[in-house]
Amino acid sequence: MTTTPPSSAFASAFAAVDLGATSGRVITGRVGRDNLDLIEVHRFPNTPVRLPDGLRWDVLSLFQGVLDGLREAGRSGGVASIGVDTWAVDFGLLDADGSLLSNPFHYRDDRTDGAAARVWERIGPEELYGITGLQHLPFNTVFQLASTEGTAQRDAARTLLLVPDLLVHWLTGSVGAEETNASTTGLFDARTGTWSKVLLSRLSLDPDLFPPLRAPGDPAGTLLPHVAAYTGLDPRTPVTTVASHDTASAVVAVPATEPHFAYISCGTWSLAGLELDAPVLSEASRAANFTNERGIDGTVRYLRNIMGMWLLEECRRAWDKENPPTPLPALLDEASRSEAFASLVDPDSPEFLAPGDMPARIRDHCARTGQRVPGSRGAVVRCILESLALAHRRALRQAAELAGRDITRIHLVGGGSRNDLLCQLTADATGLPVVAGPTEATALGNILVQARTAGLVGDLADMRRLVASTQHLRHYTPRGDSAAWDAAAARLASAPRIS
């Protein structure tokens, strides 16, 4: 049952600090029994910086953007609480004085090349997965740490803070590790929900480097005096621990009212999977490269990371350098009129991971695999979106099989839910109805956890009912020829692998 909100909490807004791979936002939300309203009060760019030693996040600029956003939130009304979410795996190292040793490396930096092999010399991939249940990605935190072994910064490090925990530390002075994000590191025990003593010992990692764990809803502290002075907020304003991995926050806001649902959190990455009560740690799950990450309230996000709208974002960046910027709707219209299944790619092919000229890489991939080379922008976009829809199909079908679950509906949330063509293609590829929205799922999940802590909403089902009843959702029904999608999936599965 939803409790009656304290008048002071209802009058104030909850502030969600939501940082993505290309931009950051501060969004305020007001929550009531029958209303859930968001306002974006500040947006700022997230532009990585290439330094001589690699690609790094400009985390100082990001923190300034956070402070400016909180100041704007204060000007627009009271702030009842603040929550922070960002992407996963990346971290900052603090020295004995609590000072940041350097800007965090970007997960797309190539310094982790070969790091996995060094980790596997100490603990094989099968045993590693049996403990962590984590999908193998070359930039997982465990591999990033292996790439820093023996460096001066690593030797000087006394505390490791994942990016959202670092921002919370700078807001409050407190030190902790939020569990949904900690579960993405490759150092977290999927069964016990704690840092793995076995892994820390086997990899010669000092346990003191890793802070105590926090759960979504736990208090993280109040604002430091200089933060309060700059933002104009009351120094007693609480910072509430939310599901600080942005995907975990997005899954909170999946507007599911039925039990057998799948979700796709679609942005720069597509995270496609199921919500389970326990991890799936079988060898078949490892071989299929599925991950078991923590959700709120002890749930497990059983999913696969897919290189999502990144391919389209990079294509648009390349095209915008050569031509006047083309609005996305015009590109999608051109793609919808392009020939179906003319060319396909595996979005997760390593050649697409790094920034750069994505249209050229896609054309080159198609040429090397004996396919028709897409000649127009519309053909390239069609190739990307059909390939992504096939990746969604493959991931969800495998997840259902490995977890022993049926799927009756797909909820596609995040920025990709605005892409009508992708949503329809996903419905067509999977043969399942797709509910698209909300677009701002991550910020909604962030705010809902804060609101629950304040007593304004009830359990997870209550939060999802509120999202379903207040947010704009679009529905897509599978169309047409399932045989054509079967043939396309078989063609992609049998295509030559490009290393």
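Please treat every number below as a calculation from the coordinates, not as lab data. The structure presented is a predicted model; accordingly, all values stated were derived computationally and were not measured. Positions of Cβ are generated from backbone atoms using ideal geometry, with glycine treated the same way; all protein chains shown enter the neighbour counts.
Quick notes on this structure:
- Taking every C-alpha pair closer than 8 Å and separated by at least 6 residues, the mean separation divided by the residue count of segment 365-499 gives a relative contact order of 25 percent.
- Phi angles of segment 225-234 translate, via the Karplus equation with coefficients 6.51, -1.76, 1.60 and θ = phi - 60°, into HN-Hα couplings of x, 6, 5, 4, 5, 5, 7, x, 8, 4 Hz per residue; Gly and Pro are given as x.
- Beta bridge orientation in the chain: antiparallel %, DSSP, nearest 5: 70
- Helical runs assigned H by DSSP (4 residues or longer) give the chain a calculated mean residue ellipticity at 222 nm of -11500 deg cm²/dmol, each run adding -39500 (n - 2.57) before division by the residue total.
- 10 °C / 1.306 mPa s Stokes-Einstein diffusion coefficient of the chain, Kirkwood radius on C-alpha pairs, µm²/s: 69
- Averaging Cα coordinates gives a centre for segment 257-330 and one for segment 356-428; these two points are 11 Å apart.
- This ranking places 226, 42 by how few other beta-carbon atoms lie within 10 Å of each, fewest first, which gives 226, 42.
- Between the amide H of residue 42 and those of 26, distances stay under 5 Å, these residues lying 5 or more places away or on another chain, with hydrogens modeled in the peptide plane.
- Segment residue 482-residue 297, length gained on full extension (0.36 nm per residue, minus Cα span): 62.8 nm
- Overall form of segment 123-256 per C-alpha gyration tensor (a/c, 1.5; a/b vs b/c): oblate
- Cα lying deepest toward the dipole's positive end in the chain, options 437, 243, 116, charges on Cβ: 437
- Gained length - residue 287 relative to residue 354, 0.36 nm times residue gap less alpha-carbon distance: 21.7 nm
- Least to most buried among 246, 113 (fewest other Cβ within 10 Å first): 113, 246
- Spacing of the modelled spin labels on residue 198 and residue 47, each 7 Å from Cα toward Cβ, amounts to 4.7 nm.
- Computed over segment 275-373, relative contact order equals 23 percent, with contacts defined as Cα pairs under 8 Å that lie 6+ residues apart.
- Pairs of Cα atoms nearer than 8 Å and 6+ residues apart set the relative contact order; for the chain it is 17 percent.
- Summing Lys and Arg as +1 and Asp and Glu as -1 over all other residues whose Cβ lies under 11 Å from the Cβ of residue 443 gives a net charge of -4.
- Spatially, segment 437-452 and segment 16-54 are offset by 12 Å when compared through their Cα centroids.
- Ascending count of other beta-carbon atoms within 10 Å, so fewest first, for 313, 322: 322, 313
- The H on the amide N of residue 267, modeled in the peptide plane, is under 5 Å from the matching H of 309, 416, each at least 5 residues off or on a different chain.
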